[in-house]
Amino acid sequence: MASTQSFEVVIVGGGLGGMTAALALRRRGLGVTVLEQAPQFGEIGAGIQTAPNASRILLGLGLRKQLEAIHTEPQDQVRRRWKDGGIIGLTQLGDACKQRYNAPYWHYHRADLHGVLTDACVDPDGPGPVVELHTGSTVTALDRGNPGRPAAVTEDGRRFEADVLIGADGIRSRVRDLIGLPDTLRFSGEMAFRALIPGDLIAADPATRFLMDRFQSTIWYGPERHLVHYMIRGGEYLNVVGCVPCTDDVAEKWTAQAGADELVNAYPGWDDRVAAMLSKAKDDVMSFALYHRRRDPVWMDGRVALLGDACHAMLPYQAQGASQAMEDAAVLAEELGRTTVDGTELALRRYVDRRAKHAGMVQDASLQNKTFYHYPDGPRQEARDELLKRGFDGESDVSYDWLWSGTPLNDPDLGAYDYRFAR
Ligand code: FAD
């Protein structure tokens, strides 16, 4: 799978987007260096879901065995009503999903998924050149004196030059600012509580035991707020994400430590099982202000391009932010992998053409769900619940068929990966 002529790529940011891109580019024979500001590579202690559009890409990158070792598979996606937990919508996942989309819907601990990607990047036996990883490397400037060899400059003055530079440095992207793109950041007015609740506590309580009996991806809808939860590591933890109106304190700080009591109190009057579940959280509850980016199709300048949250940060109301970054990575690798060093700028343009509209639609759809999930009880909520009960294909303007099929890919491994038959 080596490219016709190898060249070098520097990626700023070693999150899930940057690491998927590093692996995909490596497999195309490109020399990749990743610069990460954190002292160690890793991810926060929380869960993550990959729908088939992202699972297909990860599997196509040769990670099947590793992902099978760390995933948890939900059997359905369930929507419940806040007051009484009544089921208002159910979408089959599990085998039904694999049959329909040729790829699974899986849950993981973020650190496990990040670890699989990192290991594959540096595996000496993997295809393509081993990825060079640098931690403790905060990029503060770009040197584009030679436009054909952009360089990332770290705060301690080190210079990393390459033929292409990718900013995968997250929602508050420095690279984005350094190439002069507009400020598209928006505050949603909401925040997310995140917690990992020990599965054994969930299993021991008759009120919450049902969460162990069948693994599901669950969303509770209620006025002004919703709650998402699913099991990871085969039931070791229940991953909880509670989205509620943001407090001034969290809005200002972006992130804050919280307690189980705050989490429980954020859902007053909800079904008793919600309090039973949330009260089992330990001291590791965190709250995050939810920012997103306005849709903007400009993702590049010369030989510098953006990927992931840096260009299309979205509300997590479709669980698609990292998954869209993985789609970016696959398309970027296809385009850079089939060009020579002289064609890189055009290849980046093709990458943006293939991805910006698609990711923009997902950004908009995720924002729509903020309204759709949070209707107060009344006619609009009743109409929504009726729609969900009748069966549906997606909540917003984009259908699950469109979303989970993903951006069309040309690479026979990535685009046509078929979980049912591949080994
Ligand atoms: P990041 O993960 O933010 O990574 C950026 C990296 O760049 C970081 O490691 C950072 O340290 C580094 N960095 C930043 N600045 C610099 C610098 N100047 N120099 C060097 N390094 C730098 N998505 C899904 O697909 N599925 C889900 O289930 C899901 N659930 C979510 C739940 C919640 C509550 C939230 C908030 C988001 C969720 N998302 C989900 C979205 C997902 O987490 C993000 O979209 C995804 O992590 C973005 O990946 P990224 O690599 O673009 O950016």
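The values are calculated or read from the model by the stated rules, or taken from the named source; none is laboratory data. Since this is a predicted model, take the numbers as computed values, not measurements. When we count neighbours, we look across all protein chains shown, and the Cβ atoms used for this are built from the backbone with ideal geometry, even at glycine. Surface accessibility is based on the protein's heavy atoms, side chains included, excluding ligands, DNA and RNA. Shrake-Rupley method; radii C 1.70, N 1.55, O 1.52, S 1.80 Å.
Just a few scattered comments:
- Yes/no for Glu68 being of a type in the set (D, E, K, R) and either in contact with a Leu (Cβ under 6 Å, 6 or more places away or on another chain) or within 14 Å of the ligand (Cβ to nearest atom) (or both): no
- Among the residues of segment 93-105, none qualifies, meaning not one is loosely packed, with under 15 Cβ neighbours inside 10 Å and either closer than 20 Å to Phe7 by Cα or within 14 Å of the ligand (Cβ to nearest atom) (or both).
For (1) free of Cβ contacts under 8 Å to residues at least 24 places away in the same chain; (2) on the phi < 0 side of the Ramachandran plot; (3) in contact with a helix residue (DSSP H, G or I) (Cβ under 7 Å, 6 or more places away or on another chain), each residue gets a yes or a no:
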position: Asp271; (1), (2), (3): no, yes, no
position: Val274; (1), (2), (3): no, yes, no
position: Arg294; (1), (2), (3): no, yes, no
position: Arg303; (1), (2), (3): no, yes, yes
position: Gly308; (1), (2), (3): no, no, yes
position: Glu327; (1), (2), (3): no, yes, yes
position: Arg354; (1), (2), (3): no, yes, yes
position: Phe372; (1), (2), (3): no, yes, yes
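- Among the residues of segment 353-366, those identified as among the hydrophobic types (A, V, I, L, M, F, W, C) and either open to solvent by less than 20 Å² (accessible area, probe 1.4 Å) or at pLDDT below 95 (or both) are Ala356, Ala359, Val362, Ala365.
- The residue pairs whose first member lies in segment 195-224 and is at pLDDT 95 or above, whose second member is assigned to a loop (DSSP other than H, G, I, E, B) and among the polar types (S, T, N, Q), and whose beta carbons are closer than 7 Å, counting only pairs six or more residues apart or on different chains, are Ile202/Thr208; Arg214/Gln75; Phe215/Gln75; Gln216/Gln75.
- Of all residues in segment 272-300, those satisfying the criterion of being crowded, with 19+ Cβ neighbours inside 10 Å and more than 16 Å from the ligand (Cβ to nearest atom) are Val274, Met277, Lys280.
- Qualifying residue in segment 158-167 (condition: in contact with a His (Cβ under 7 Å, 6 or more places away or on another chain), within 16 Å of the ligand (Cβ to nearest atom), more than 23 Å from Thr20 (Cβ to Cβ) and open to solvent by 30 Å² or more (accessible area, probe 1.4 Å)): no
- Among residues of segment 241-263 that are over 22 Å from Val274 (Cβ atoms), those with a beta-carbon under 6 Å from a residue that is modelled with pLDDT of 95 or more and open to solvent by 30 Å² or more (accessible area, probe 1.4 Å) at least six positions away or on a different chain give the pairs Thr255/Phe288.
- Once segment 135-145 is narrowed to residues that are open to solvent by 50 Å² or more (accessible area, probe 1.4 Å), outside any strand (DSSP E or B) and touching a residue at least 12 places away in the same chain (Cβ under 8 Å), the residue that is nearest to Tyr351 (Cα to Cα) is Arg144.
- Residue match in segment 386-403 (condition: assigned to a helix (DSSP H, G or I), open to solvent by 30 Å² or more (accessible area, probe 1.4 Å), within 17 Å of Ile219 (Cβ to Cβ) and touching a Ser or Thr at 6+ places or on another chain (Cβ under 8 Å)): no
- The single condition among (1) farther than 29 Å from Val34 by Cβ; (2) touching a Gly at 6+ places or on another chain (Cβ under 9 Å); (3) at pLDDT 95 or above that Arg233 does not meet is (1).
- Spans of strands (runs of 3 or more DSSP E) in segment 179-248 with at least 3 residues in contact with a strand residue (DSSP E or B) (Cβ under 7 Å, 6 or more places away or on another chain) and over 22 Å from Tyr373 (Cα atoms): 185-198
- Some residue of segment 28-44 being crowded, with 24+ Cβ neighbours inside 10 Å, over 30 Å from Arg149 (Cα atoms) and within 19 Å of the chain's Cα centre (by Cα): no
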